[in-house]
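Working notes, structure below.
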Amino acid sequence: YEEPVTWTVEIAVPANEKPGKTELVGLIGLQTCSDQSCDLAAGARFQTSVAIGDSARGGPVSLSFQEAKYRDVAQRAAEQPVAASPAQTPAASVSVRMMAVLLGLAFVAGLILNLMPCVLPVIGLKVLSFVQQAGQDRRQVFLLNLWYALGILSVFMVLGTFAVVAHLGWGAQFSSPSTNITLACIVFVFALSFLGVWEIPIPGFVGSGAAQDLASREGPTGAFLKGVLTTVLATPCVGPFLGPTLTEAIKHPWFVTYPVFAFVGLGMASPYLIIGANPSLLKWIPKPGQWMDTFKQLMGFILLGTVVWIMSSIDWPRVVPTFALMIGLWASCWWIGRTPLTEPLGRRLYAWSSAAVFAVAMGYVSFNLIEPAMQGRFELALDKEVLKREELLASRGGRDANDRLWQLFTSEREDKLRQLKTTNSSELPWQPYSKSRLKMLQDHGYTVFVDFSAPWCTTCHVNEHNALNTLPTQKLVEDLNIITLDANVDDDESAQSLVGLAGAGQGVPYYIIYPAGKADAPVHMGLNAVLTQDETLTKLREAGASKPIAAGMTANDPPRDVRTTSAEFSATKTSAPFANQKNARE
């Protein structure tokens, strides 16, 4: 709505309501947008007094407003049944042409997903299966690759259900600690199998033994599970076209969302279906032999590296309990490995049951005994850090708390810049993101670069290495006096900001620059997820330099470099191990 709008809501007065004054309380959610961007969704609580039974009184009454959280408004609104108008039925929400475009982009996005960094650690699984398939008849090869494709599609259907039912965007499940811990343990167990600690009794997942074991043929179950594992590990990546396509799909009804997710999975599975339909393409793969044993063990170490990457996104207090659980799983797998698959069924069942009991016991000890102790130690260390900062804050003079906080942030930024120069680091001087800090920096004339990312996002780390934390970018950011803010989407405030900017389906990374004095005309970059150095420098120059205005000055006063401004307090990236903690207290 571009003009003033009046909404009318009829309120039925209960028959047993007594005449007289009564209080009416409600919630309203709102969001303002321009053609280029949207402000963050906001909420308000309103209250008024009305007279029941006084038919003579009419006209408007005054409302009093208080701040409210938008998610509370959205939750209450979702609880109210709303009838769809005939002009807005789901069948009319998407055209055939739009559907065709969405499905085409989804297929290409899935195809490209095979080349993303998240998928590379498990490519070795499929390479081994290709070797095992060499020499088999065409029908068998195609069926195995079809089972692999079904494993991929099954995960995409689950992700589509998450999007339809729980409104979770691509990769959003990795913000759940339980998901990260479970996936880390699964990959760790597979790595142990590849390193010969134990054997998974599924054809195609050979863990140890002689060369003839390595050459055993892959079965449908093994192929299906490989497809599942490959897709689960791919979800932290956002390839070209994937983010915008899924964002658009989630806006539409379920019969649009599900096919789009299915076509992403079909695109990802298409190379394997093509190879399955043309077994002659397998001729370039070497024949089975002893080299497979070396390759298998090498892939085991690569999977262990994947475990390290997954654990980097787990909160600090849960890292030690997760590692303790992995030690328990290691012992369980070792116990199973001591019982060969040629042993009688009774002995194998005993080994598996005793190993399972031990693993469950270790899980209980890890997360019911070790985790509370680690959480207590973390909170104690955090309390000490907060106390130290409060003492530092109190020791500094100033007109009021805002001035002292201003000085504190200025000092922290200068310390960060000094540290980067001392260590000859090419890292940008990142500071934590918040809505209030962004607004204050904009109000004081700064150009602000915001990086929406997450610890579990591999593409984010690749972009940081190749385009952001580089000497050319660092020099240009320093020359233009641009403030760089790190928005970790595992934090609720950053996640809500990303939804307000790009929609519920947008994954990470997502980059946006707010030019000085042009907060309503932000510069978007890296919309296809992968950044280049030239694109980064071009967009930063397009945004322009900061024109800082110090506190208490007007736009007509001569500018002075204040470096950073904020009326809030939060741990920075340099205050490890307290950085990137979702539950860190101010």
**Study point:** Projected label distance in nm at Leu471 and Phe301, using a 7 Å step from Cα toward the beta-carbon
**Key:** 3.1
Study note, to complete from the structure: Per-residue accessible area, 1.4 Å probe, largest first, puts Glu542, Glu427 in the order Glu542, Glu427
Review point. Relative to the present Cα-Cα distance, how much length would full extension add between Cys33 and Leu150 at 0.36 nm per residue of separation?
Key: 38.0 nm
Point to revise | Rg to Rh quotient for region 307-378, alpha carbon positions, Kirkwood Rh | key: 1.13
Practice item. Could you grab the Rg to Rh ratio for region 288-330? Cα atoms only, Kirkwood for Rh. Key: 1.17
Exercise for review: Taking 7 Å along the Cα-to-C-beta vector as the label spot, tell me the Asn424-Val320 distance in nanometres, rounded to one decimal.
Suggested key: 3.7
Revision key, fill the gap. Expected unfolding gain across Gln140-Ser62 under the 0.36 nm per residue rule, minus the alpha-carbon gap, is 20.5 nm
Point to revise | Heavy-atom accessible surface of region 419-476: percent carbon and sulfur, 1.4 Å | key: 58
Study note, to complete from the structure: So, with points 7 Å from each Cα along the Cβ direction, the Arg348-Ala51 label distance in nm works out to 8.6
Study note, to complete from the structure: Per the 1/(1 + (r/R0)^6) rule, R0 = 35 Å and r from the Cβ atoms of Glu10 and Met157, FRET efficiency to 0.05 is 0.25
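The values are calculated or read from the model by the stated rules, or taken from the named source; none is laboratory data. On a predicted model such as this, the values are computed, not experimentally measured, just so you know. Neighbour counts are summed over all protein chains in view; Cβ atoms, including those assigned to glycine, are modelled from backbone coordinates with ideal geometry. Surface areas here come from the heavy atoms of the whole protein model, side chains and all, with no ligands, DNA or RNA. Shrake-Rupley method; radii C 1.70, N 1.55, O 1.52, S 1.80 Å.
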